[in-house]
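One structure is given below, encoded as structure tokens.
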Amino acid sequence: MSAMKSGKYNAIVLSIALFIVFDAGVLVMNFYIADQFARDAVQVNLAGRQRTLSQRLIKALLQTDNALGSGNFIETPLNELKAGYRTFDTTLNAFNKGGTITGVDGESVSIEAFSDTRSRRLLTDTLETWLPLQEALQPMLAFDSKIERSAELIMTDEGANLESDLFHAIMVASKDNRDNRLLKLTNDLAVHLEYESARRATRLRIIQVTGIGLALINFFVILFHLIRNLNKYDAMIEIAKKETDDILETVTEGLFLLDSEYRIGSQHSAALQDIFRRENLAGVNLIELLRGIVPETTLNVARDYISLYFGGRVNENLVDDLNPLNEVEVHFAGDGSQFQTRYLGFQFRRVLVDQELSHLLVTVNDITARAALERELQVSRARSTAQLDMLMDILHIEPEVLTDFLCGSERSLGKINSILKRSAMGVEVYRAKLDQIFREIHAVKGEASALGLNSVVGLAHDIEDLITDVQERPTISGGDFLPLTIKLDVLLGHIQSVRELVARLVDFRLVFDRSKIAEVADDQRAAPRTDMSALLHNLTERIAEEQGKRVNLHCVGLEGKHVPEMYRGPVKDMAIQFIRNGVTHGIEGPEDRLVANKGQVGRIAMKFVPLGDGNFEFSYRDDGRGLDMDLIRNTAVDKGFVSADQIEAMEDRAVMALIFKRGFSTSTEVSSDAGRGVGMDVIRNLVNELSGRVRVSTARGEFTQFKVTLPAIPRDMDQAA
């Protein structure tokens with residue numbers, strides 16, 4: 001304040017004031033002329049449109065006359081004539097008197113009447129030239145006959161009158177058009193407006209150059225006064241540097257003061273530089289120091305937590321107990337592209353000066369060794385818990401059924417490995433490979449879900465999420481398969497862990513049951529023949545319980561050896577997909593079934609029977625809500641499977657076939673059991689691989705039924721099985 005009173009900064013203040021005045025003046029003038037530019041641009045565009053419309057009116061007039069004489073439709077040229085007339089006339093009137101009209105871009109614009117002498121003279125000549133043609137066009141503007149064909153219209157009195165009026169208007173237009181007077185006047189008007197706009201632009205440039213020149217002169221005046229005081233500012237900086245003499249060189253912890261702006265004070269321990277691997281930390285913003293070495297969420301937590309200490313009312317002990325920064329993971333750049341992970345612990349204390357909060361005293365330590373020990377303990381506990389959960393999952397499964405699943409899963413993963421090894425180039429080839437992998441993983445997840453192997457279901461679901469994410473990318477490269485390969489390797493390792501655990505359980509069981517040594521000694525990798533109906537019942541009960549539904553499954557022909565060996569795997573996979581879709585989407589909830597006059601318990605029936613011609617039929621039927629044909633049509637159009645015109649022409653059978661398309665699903669939610677639009681695609685591919693066929697029938701609110709016909713098994717393959 002004393003410096004201001006003594007007039008120390010008067011020259012600088014005056015210079016800055018003049019600078020602001022110059023800038024404000026130039027800015028106001030810019031706004032004014034820019035607004036004028038906008039109005040000029042609108043007028044120039046409208047004048048250009050008038051120039052075009054003057055010729056389009058004549059063209060539309062001639063086209064209407066030709067259409068009437070040749071018996072063709074006259075609606076299009078006549079409507080174009082009317083539209084061109086309205087636009088030309090209203091724009092011309094707005095030029096004359098001002099008003100609001102439709103601009104070139106279709107938006108409403110307000111224009112003022114022309115005021116300068118040259119524009120008024122050109123406008124007056126244009127109006128005088130336009131008046132005869134305007135009067136001659138009135139009968140055509142008033143004509144509103146509903147007769148569609150000109151051949152019919154010409155035979156009526158209205159047609160004869162229209163023909164006569166058209167001839168008269170053409171004569172008037174031809175008389176005016178001999179010397180292109182209307183076109184010339186509108187062109188002269190547009191050229192004049194462009195000239196006026198250019199003249200205003202030149203004026204603005206002169207004003208801008210003058211203003212900038214004055215501002216530069218004022219800038220140099222300010223700079224001169226600032227340079228005079230640089231020595232004084234340098235002296236102040238030297239005094240500030242002396243504060244570093246108080247640094248505690250012997251402190252092994254990172255110790256510094258932090259102000260309310262999160263800036264590190266000029267006094268800090270030398271250890272702080274070693275911890276953050278950076279020099280010259282004085283004045284550095286702590287939040288910015290942490291940015292890049294901690295996740296963004298941690299950064300936000302640090303900012304919010306530190307701000308609590310600077311609050312007016314805070315219980316410091318309580319805030320200390322809630323400290324989320326007592327262990328923070330940081331990542332420092334190492335050699336090459338490698339990063340080194342460390343763990344830091346922060347502690348905060350308030351510094352009060354005259355009972356007012358001045359700074360925070362912050363202590364930071366490198367606690368990497370302690371954190372590593374804690375994480376090793378956590379990993380060990382998590383591994384033990386996961387193994388216990390896995391053990392609980394498999395204890396309720398028959399060893400033969402579990403071994404069958406493990407063999408099938410390993411075959412599927414081996415098939416996926418072969419797919420990945422196949423050379424491929426191009427986005428479409430990559431997408432095809434992803435589709436094949438997705439179907440295999442979906443089948444593994446379905447059977448794991450039926451067995452209640454939640455750990456396998458979770459890993460498979462993660463792989464499906466990853467494939468879906470890659471599929472949605474506009475371009476796909478070979479590098480996009482690397483994360484997928486890693487996750488597949490994790491799934492394979494998990495399945496092998498399950499197999500090892502099963503082997504240990506079998507060995508343990510042998511101690512108590514020697515009579516089964518011969519049975520267990522057989523190759524576990526040979527897929528045993530099992531009763532799949534129990535598997536399907538378990539799957540139905542689990543999904544129904546998750547969906548809050550009650551479902552009764554009835555199986556015929558799926559027990560024992562009724563299903564031939566070569567069809568056992570595909571039929572099981574199809575049955576799993578049918579049940580997952582049926583229980584999730586088909587069967588209604590108990591309350592909805594009561595409203596529909598159905599029992600609270602839904603019914604699903606599956607049957608595998610031989611046919612008289614040697615073929616086999618596998619059928620599925622539920623008494624759920626049936627297929628919603630309207631919903632299927634809308635979904636197909638919304639997701640781009642077919643166009644709106646195509647869906648209208650499709651029969652119901654063709655519409656129902658859309659549910660077998662890859663990615664087609666009427667559900668808006670994705671769960672571990674359904675919603676990705678893959679289940680029906682899996683069934684279609686299984687049926688195609690077996691040279692079978694599938695039929696669908698449904699009734700809205702009553703049932704949905706699928707019948708899969710499989711060909712007879714050749715005698716030599718049947719004997720081999």
Revision key, fill the gap. Just one listed residue, out of Thr91, Thr117, Thr100, is under 17 Å from Ser54 (Cα atoms) and either among the hydroxyl-bearing types (Ser, Thr, Tyr) or touching a residue at least 40 places away in the same chain (Cβ under 8 Å) (or both), and it is Thr91
Practice item. Filter region 316-332 for residues that are outside any loop (DSSP other than H, G, I, E, B) and either of a type in the set (S, T, N, Q) or in contact (Cβ under 8 Å) with a residue 60 or more places away in the chain (or both) and give the result. Key: Asn317
Check your understanding: If you go through region 20-28 one residue at a time, do you hit one that is modelled with pLDDT under 80, of a type outside the set (S, T, N, Q) and not in a helix (DSSP H, G or I)?
Key -> no
Review point. Looking only at residues in region 441-496 that are of a type in the set (D, E, K, R) and surrounded by 22 or more Cβ atoms within 10 Å (Cβ to Cβ), which one is nearest to the chain's Cα centre (by Cα)?
Key: Lys445
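Residue-wise test of (1) touching a residue at least 40 places away in the same chain (Cβ under 8 Å); (2) farther than 23 Å from Glu163 by Cα; (3) crowded, with 18+ Cβ neighbours inside 10 Å; (4) hydrophobic (A, V, I, L, M, F, W, C).
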| position | (1), (2), (3), (4) |
| --- | --- |
| Asn30 | yes, yes, no, no |
| Gln36 | yes, yes, no, no |
| Leu57 | yes, no, yes, yes |
| Thr64 | yes, no, yes, no |
| Thr76 | no, no, no, no |
| Asn79 | no, no, no, no |
Practice item. Could you please find all residues in region 332-354 being surrounded by fewer than 11 Cβ atoms within 10 Å (Cβ to Cβ) and either at pLDDT 75 or above or among the charged types (D, E, K, R) (or both)? Key: Asp335, Leu352, Val353, Asp354
Check your understanding: In the list Phe114, Phe95, which residue meets the criterion of being touching a strand residue (DSSP E or B) at 6+ places or on another chain (Cβ under 8 Å), hydrophobic (A, V, I, L, M, F, W, C) and crowded, with 20+ Cβ neighbours inside 10 Å?
Key -> Phe95
Check your understanding: In region 436-459, how many residues are over 19 Å from Phe578 (Cβ atoms) and assigned to a helix (DSSP H, G or I)?
Key -> 7
Check your understanding: Quick check: is even one residue across region 635-657 under 30 Å from Arg593 (Cβ atoms), touching a His at 6+ places or on another chain (Cβ under 9 Å), among the charged types (D, E, K, R) and not assigned by TED's automatic domain parsing to the domain that holds Glu472?
Key -> no
Check your understanding: Out of all the residues in region 385-404, is one or more hydroxyl-bearing (Ser, Thr, Tyr), at pLDDT 75 or above and exposed (fewer than 12 other Cβ atoms within 10 Å of the Cβ)?
Key -> no
Review point. Just for region 256-267: of the residues that are within 21 Å of Ser307 (Cβ to Cβ) and surrounded by 14 or more Cβ atoms within 10 Å (Cβ to Cβ), which one is nearest to the chain's Cα centre (by Cα)?
Key: Tyr262
Study note, to complete from the structure: Expected single match for modelled with pLDDT of 70 or more, within 17 Å of Leu361 (Cα to Cα) and among the aliphatic types (A, V, I, L, M) among Ile222, Ile293, Ile227, Ile287 is Ile287
Exercise for review: Could you check, for region 470-481, whether at least one of its residues is part of a helix (DSSP H, G or I), at pLDDT 80 or above and of a type in the set (Asp, Glu)?
Suggested key: no
Check your understanding: Of the residues Ala160, Ala190, Ala198, which is of a type outside the set (S, T, N, Q), modelled with pLDDT of 75 or more and in contact with a Gly (Cβ under 6 Å, 6 or more places away or on another chain)?
Key -> Ala190
Revision key, fill the gap. So, first residue on the phi > 0 side of the Ramachandran plot in region 684-713, second residue of a type outside the set (Asp, Glu) and surrounded by fewer than 18 Cβ atoms within 10 Å (Cβ to Cβ), Cβ within less than 7 Å, six or more apart or across chains; the pairs are Ser691/Pro711; Gly701/Ala596; Gly701/Gly626
Exercise for review: Could you please find all residues in region 310-329 being surrounded by 12 or more Cβ atoms within 10 Å (Cβ to Cβ), under 27 Å from Ile293 (Cβ atoms) and either modelled with pLDDT of 80 or more or aliphatic (A, V, I, L, M) (or both)?
Suggested key: Val319, Asn323, Pro324, Leu325, Asn326, Glu327, Val328, Glu329
**Study point:** Test: Glu261 is assigned to a helix (DSSP H, G or I) and over 21 Å from Ile367 (Cα atoms)
**Key:** no
Point to revise | region 552-571, residues that are in contact (Cβ under 8 Å) with a residue 60 or more places away in the chain and not in a helix (DSSP H, G or I) | key: Pro564
Check your understanding: Quick one: is Arg550 modelled with pLDDT of 80 or more and over 27 Å from Asn685 (Cβ atoms)?
Key -> yes
Point to revise | Members of region 518-547 that are modelled with pLDDT under 85 and either of a type in the set (Phe, Trp, Tyr) or touching a strand residue (DSSP E or B) at 6+ places or on another chain (Cβ under 7 Å) (or both) | key: Ser533
Check your understanding: How many residues are surrounded by fewer than 18 Cβ atoms within 10 Å (Cβ to Cβ) and in contact with a strand residue (DSSP E or B) (Cβ under 8 Å, 6 or more places away or on another chain) when one looks only at region 563-611?
Key -> 10
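The values are calculated or read from the model by the stated rules, or taken from the named source; none is laboratory data. Please read these numbers as outputs of a predicted model, since none were measured by experiment. We place every Cβ from the backbone using ideal geometry, glycine too, and count neighbours over all the protein chains shown.
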